[in-house]
Amino acid sequence: MLLYLTSFFRTFAPMQFQSVIGQHHLRGKLLQTVHDGRISHAQLFWGAEGSGNLPLALAYAQYLNCTHRTANDACGVCPSCNKMQKLIHPDLHFAVPVNSAKSLTADKLITDHFLPQWRDAVTANPYLTEAQWYEALDIENKQGRISVHEATRIIEKLNFKPFESEYKILLLWLPERMGHEAANRLLKLVEEPPDKTVMLFVSEDPNHIIKTILSRTMPVRVPPIDTPSLEAALQQREGLTEAEAGKIARLSGGSYSRALTVMRNGRQANEFFGWFALMMRNAYTAKFLDLFEWAEELAKTGREKQKNFLLYAQRLIRESFMLNRSAADVVYLMGEEEEFAQKFSPFVNARNVEGIFHALNLAQEHIAQNGNPKIVFTDLFLQIGKLLKRS
Ligand SMILES: [Zn+2]
């Protein structure tokens, strides 16, 4: 999943303001604090997942230490920017929730031991989600946390003078994953930070940040991304058409990561859509020999994929039926799905919708219970053929 995004973000200089999606008003406010020399020592960037709180904090950090900044952005080419963009700047420190599938001692569970993975994950996708990060760490169902050892490490690091830039910056991602003990250890640092120190807390859930820390940070509210900016980003960065981008943007609640998930699910669905159309056309025109041949092909694909296809088909049947009932506004279909469903919906009606749905559902159960896929699909096609005749 991360690899998928790598190519695009590498070409977009991930840490500058110009590559943050939308948030024009907030960008302006942040820039103004630097121009006015009102740089707060402990700031809390908080906004929902995918709003861009992490890219904004990174852009702000880069801007602070850029030696050739313009009124609107970091230069992107000075030695400081260069290192910031690779996340290897000696004055940019990270503390993020970590964990390991291996049984490491507690003192090993600190960000320093996971920096290569963190750099890869964030440069590939500054809109990294917590779940994607845990996926990159390969920790399955464990949750990451920011430990007391991490807090100790932070204090050590921030008590150094900056190595080469004006500010030393701590970016602490997801302070809500920090326990009481760790938070208490950091308290004094947040209250009285050493000179030229900026702490950027980046949170999705400030309600779960320990109050004593929360009350000592200056809030920077990151709102959902405005729809036009989200649409434009999907067109420019993902090559979507205006119509596709518009539809996805409206479904994404101002979250770029959610938009990407919706888009990916859509692409997965493309292949399934082809299968669905083939199944329905051939079943309707009673081309059963073709279908039996195809059942053999289908049997060779993985069981998980067969199951997902049957789930997808149930959704499409449901949506086609809704179209038939003219409840078009509750239907969520994309491009060719919608076109097909429009033509196909007259054939899905009150007399057969339940039967088709049930047949698909049963086939899915049989596949899950290790039924022979060739037999399951052959049987399914025959049943659907019969049911469509009732339309
Ligand atoms: Zn620069």
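Considering the convex hull of the alpha carbon atoms of the range 2-223, report its projected area averaged over all viewing directions, in nm², one decimal.
Working: hull surface 45.0 nm².
The number I arrive at for the range 2-223 is 11.2 nm².
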- Message: Compute a Gaussian network model of the chain, connecting alpha carbons closer than 10 Å, and tell me which residue from Pro79, Pro224, Pro126 fluctuates the most.
- Response: Pro79
- Which value in deg cm²/dmol, rounded to the nearest 500, describes the helix-derived mean residue ellipticity at 222 nm for the chain, given -39,500 (n - 2.57) per DSSP H run of n ≥ 4 and division by the residue count? -17500 deg cm²/dmol
- Just the number, please: percent antiparallel of the DSSP beta bridges in the chain, rounded to the nearest 5. 5 percent
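Fewest to most neighbouring Cβ within 10 Å: what's the order for Val202, Val262? Write out the running numbers ahead of the final one.
Working: Val202 23, Val262 19.
So the ranking, lowest neighbour count to highest, is Val262, Val202.
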- Which residue, Ser252, Ser215, Ser229, has the most motion in a Gaussian network model of the chain that connects Cα atoms within less than 10 Å? Ser215
- the range 333-372 versus the range 146-190: alpha-carbon centroid distance in Å: 54 Å
- Query: Taking Cα atoms, how many degrees apart are the long axis of helix 373-389 and the longest axis of the chain, rounded to 10 and kept between 0 and 90?
  - Reply: 60 degrees
- Task: Quick one: angle between helix 288-300 and the longest Cα principal axis of the chain, in degrees between 0 and 90, rounded to 10, please.
- Result: 30 degrees
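Apply 1/(1 + (r/R0)^6) to the Cβ-Cβ distance of Asp195 and His35, taking R0 = 22 Å, and write down the FRET efficiency to the nearest 0.05.
Details: r = 21 Å, r/R0 = 0.94.
According to the calculation, E is roughly 0.60.
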- Rounded to one decimal in Å, the inverse mean reciprocal Cα-Cα distance for the range 343-391, i.e. its Kirkwood radius, is 11.2 Å
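If each residue's Cβ is checked for other Cβ atoms within 10 Å, how do Ser255, Ser51 rank with the fewest at the top? Mind dumping the intermediate values first?
On the way: Ser255 21, Ser51 27.
If I rank by nearby Cβ atoms, fewest first, I get Ser255, Ser51.
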- Could you please rank Cys75, Cys66, placing first whichever residue has the fewest other Cβ atoms within 10 Å of its Cβ? Cys75, Cys66
- Message: Rounded to whole Å, give me the distance from the Cα center of the range 61-106 to that of the range 251-301.
- Response: 42 Å
- Message: Using only Cα atoms and rounding to the nearest 10 degrees, what angle (0 to 90) does helix 115-124 make with the longest principal axis of the chain?
- Response: 60 degrees
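FYI, it's all coordinate maths here, none of it is from the lab. What you see is a predicted model; the values in this text were computed from it and never measured. Quick reminder, even Gly has a Cβ in these numbers, built from the backbone with ideal geometry, and neighbours come from all protein chains shown.
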